[in-house]
């Protein structure tokens, strides 16, 4: 008889081991970039990370008059961020200063949220071939390249099983009207996620993933020509017959920065009400 097996006439009692599976980011120190206003996807992410217990650091884009600083500071006040820092990713010394501050105040970094993208309004309408060299370089620099130096400076601070999340869009793999150079930038960003995943994973099990969110009415998306048509198209054709919300994207980000996603890296996760499965 197998040791521990039930004797004759005994009922076989199932042995079930329940592992606690709650999304808990308590005490995790996570830096969130890209919050501009209360319609930003980054704002939805920050709210859900805080709801899961994370200790947040927030960055803002500095300007000469300090308008962005005051706006973002007031908006994020209810989240009680323990770090609030200026960050222009086109300024390498400022990137370095942000991570020096993280090292000084936190010592480690458990998560990084990259929500940074920009293209001139004139680049987001009409023909892609009309993209200027300057516009191309600027869009790729801010929207795609910026992830690399952020990870470079974060690398020595990452804790075991830390996570990185960035934002992309379906225009990275399909030709979306007027998305133009931003589609090219997002394609570069998704490739960067794969290369950074290969680089960061071995030593500390650091994971990096992209969320491909469906079109959302934000201040940034309003610069894209025909954005309302894009949104209405999703509402008509997505399996869920609607667009998604910032909070839904935030929920996905919280999952990807938690231990529940410990086996996921280098991936693009679609949070778009299922729109990406459509053939037409």
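The values are calculated or read from the model by the stated rules, or taken from the named source; none is laboratory data. Please read these numbers as outputs of a predicted model, since none were measured by experiment. Here Cβ is always computed from backbone atoms with ideal geometry, including for glycine, and neighbour counts include all displayed protein chains.
In this structure, is residue 146 modelled with pLDDT of 95 or more, farther than 23 Å from residue 40 by Cα and surrounded by 14 or more Cβ atoms within 10 Å (Cβ to Cβ)?
Answer is no for this residue.
Residue by residue through region 119-151, note down the ones that are touching a strand residue (DSSP E or B) at 6+ places or on another chain (Cβ under 8 Å) and part of a helix (DSSP H, G or I).
Residues satisfying the conditions are 147, 150, 151.
Outside any loop (DSSP other than H, G, I, E, B) and in contact with a strand residue (DSSP E or B) (Cβ under 7 Å, 6 or more places away or on another chain): does that describe residue 103?
Answer is no for this residue.
Just wondering, is there one or more residues in region 66-76 that are at pLDDT 95 or above and in contact with a helix residue (DSSP H, G or I) (Cβ under 8 Å, 6 or more places away or on another chain)?
yes
When residue 216 is evaluated against the numbered criteria (1) in a loop (DSSP other than H, G, I, E, B); (2) under 23 Å from residue 59 (Cβ atoms); (3) without any contact (Cβ under 8 Å) to a residue 60 or more places away in the chain, which criterion, by number, is the only one it fails?
(3)
Cβ-Cβ under 9 Å, sequence separation 6+ or interchain: first residue in region 57-85 and free of Cβ contacts under 8 Å to residues at least 12 places away in the same chain and on the phi < 0 side of the Ramachandran plot, partner surrounded by 15 or more Cβ atoms within 10 Å (Cβ to Cβ) and part of a helix (DSSP H, G or I). Which pairs?
63/69; 78/47; 78/50
Kindly provide the set of residues from region 154-182 that are part of a helix (DSSP H, G or I), in contact (Cβ under 8 Å) with a residue 40 or more places away in the chain and either surrounded by 19 or more Cβ atoms within 10 Å (Cβ to Cβ) or in contact with a strand residue (DSSP E or B) (Cβ under 8 Å, 6 or more places away or on another chain) (or both), ordered by number.
Answer for region 154-182, where residues must be part of a helix (DSSP H, G or I), in contact (Cβ under 8 Å) with a residue 40 or more places away in the chain and either surrounded by 19 or more Cβ atoms within 10 Å (Cβ to Cβ) or in contact with a strand residue (DSSP E or B) (Cβ under 8 Å, 6 or more places away or on another chain) (or both): 154, 157, 170, 172, 180, 181, 182.
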